[in-house]
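Here is the structure we will look at.
What follows is calculated from the coordinates using simple rules that are stated; it is not laboratory data. Note that the structure is a prediction, hence the values are computed from the model and not measured. No Cβ is skipped: glycine too gets one built from the backbone with ideal geometry, and neighbour counts run over all protein chains shown.
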Amino acid sequence: MHEPVLKIRLFGEISVSYGDRTCASSGSRSKKIWTLIAYLISNRNRTVTQNDLIDVLWENEDSANPANTLKTLLHRARAMLEDLGLPEGVNLIRNTGGTCGWNNDIPCMIDAEEFDRLFSGLSRESPPDEELCDKLVAVIAD
């Protein structure tokens, strides 16, 4: 039996699903947690420094101790994502040596990446393939 694939939606409501469990931005108390998660997913092919995250999350805000506030936010994000029921010991957010990154060891399907892939195929078609256009719309609407 195959392990479920992590399904990530960045269009519209942000959500992360694994099997039959979903964490979604609509039910969350903290917009910053979802901003953090979306930023790490969007930058999943690189590590992000602690200072980069502080700049993104608290761009025009003052914080007495932004590094500690970020540490707390990372802890809350990890705790929220634990509700997905991933295998024991698997963390979706990695934090090492002052950098953070999304764990790419977990297979995932990200709607924004699927959209880009389909759009690239669409732009090569001439005239556009109606089936490909329908798939592109389905990624956004799903």
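Given all pairs of different Cα atoms, what value in angstroms does the Kirkwood hydrodynamic radius of the chain take?
16.6 Å
Applying a 10 Å radius around every beta-carbon, put 108-114, 32-38, 93-99 in order of their mean neighbour count, most first.
Per-residue mean Cβ counts within 10 Å order the peptides as 32-38, 108-114, 93-99.
Give me, ordered by chain and number, the residues 5 or more places off Val5 or on other chains with an amide H under 5 Å from its own placed amide H.
Close amide H contacts, sequence-distant or interchain: Gly19.
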